[in-house]
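Working notes, structure below.
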Amino acid sequence: MTNHGSAASDGRRQYQRVADDLLKGINSEKWRPGDRLPTQEQLVEQYGVSRSTVNEALRILREKRLIVTRQGSGTFVSGGPEDGITPSGPGVAAEAGHEDDDVWAVVSESVPPVLLKPYLEEAFEATEVRLDVFSMTTESLAARVSDQKNRIMTGVIKPPRSIRARLMLPDCDSPHLAIPRPVDGSDDPRVRRRLKGILQSHATMLREALFELLYQGFVPEVEVEVRLVPFSPQMKLYILNRRLALQGLYVTEEGTIPLPPDREEVEIFDAYGTGATLFPYRASADATPDQVGIVRTFQAFFDSNWDNLAARADF
């Protein structure tokens, strides 16, 4: 998933840019559940846009159920106590809501979407940590993994015996990527090179964070492998310790990015921002081996692409 370049000239792209930036702030936990967002006046001044543009950006986030507006009080990140919602932490499942409960091995957990942090914290408290990731750039994950590295190095949690990460990302040298791509359907290598730079930067950040734990003697076994597939992921997928799956869908949108060498603005289709809404699924405690359902399906999906279609990255 890539980020917008310079602000676009028309209002539609401006409100998407504002919504994208606010979404990134929520995803990075700059604003946590229950926190108040800046006022509309502050957002107008911060982004240099009209009040109607700010209103449209907030509408997008309200439709995603990421924020709530309380008359006379302001706009808040969803999940605070005043919403009447008590988010359950990792491991606390919501009711499946199906008559045939005996065939459901997983449930969608009742937690605020977008928050990767609590699940990654739980995963890193295991004796053996395993991360299988299929995404555009690993931007969200890289920052959160660095947080876990710091928790281990400062003694907040006991170091695991081993960490294994498999990162499956798009091959930016392939001219067949569906996104990012110019809206006219042509293949512009500059668009793919831009994505490649973002992808490599975050994958390297993640790998260096984990190997620092090895080099500093905190974790005796660390393995990080990156493989590339010749297509754009339409789904972001994290599988943590083979027991929990976090799934998010990339939404393709139109935007404008500046490209070197002369910062030519090019209209492209891409999946913007770092806030693809994540929905977590966990095998239920009493599931039988033949009932592991969607978590096993996600794992089989990942493994089949990893083994049959992905090639080792050269970076």
Item to check | Within region 147-170, tally of residues that are at pLDDT 95 or above, surrounded by fewer than 20 Cβ atoms within 10 Å (Cβ to Cβ) and out of contact with any Phe, Trp or Tyr (no Cβ under 8 Å at 6 or more places or on another chain) | outcome: 8
Next on the checklist: Condition check: surrounded by 14 or more Cβ atoms within 10 Å (Cβ to Cβ) and either hydrophobic (A, V, I, L, M, F, W, C) or modelled with pLDDT of 90 or more (or both). Does residue 280 satisfy that?
Outcome noted: no
Checklist entry - Given the structure, is residue 194 crowded, with 17+ Cβ neighbours inside 10 Å and over 30 Å from residue 128 (Cα atoms)? => result yes
Checklist entry - Based on what the data block shows, is residue 181 of a type outside the set (Phe, Trp, Tyr), surrounded by 14 or more Cβ atoms within 10 Å (Cβ to Cβ) and at pLDDT below 95? => result yes
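To keep it simple, each residue is scored yes or no on (1) surrounded by fewer than 21 Cβ atoms within 10 Å (Cβ to Cβ); (2) basic (Lys, Arg).
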residue	(1), (2)
200	yes, no
205	yes, no
217	yes, no
227	yes, yes
231	yes, no
238	no, no
245	no, no
250	yes, no
Next on the checklist: Can you pull out every residue in region 60-97 that is closer than 16 Å to residue 25 by Cα and either of a type in the set (Lys, Arg) or modelled with pLDDT under 85 (or both)?
Outcome noted: 62, 64, 65, 66, 78, 79
Checklist entry - Tell me, which residue of region 127-146 that is of a type in the set (Val, Ile, Thr) and at pLDDT below 95 is surrounded by the most Cβ atoms within 10 Å (Cβ to Cβ)? => result 138
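The values are calculated or read from the model by the stated rules, or taken from the named source; none is laboratory data. Model, not experiment: these values are computed from the prediction. A quick note on method: Cβ atoms are made from the backbone with ideal geometry, for glycine too, and the neighbour counts reach across all protein chains shown.
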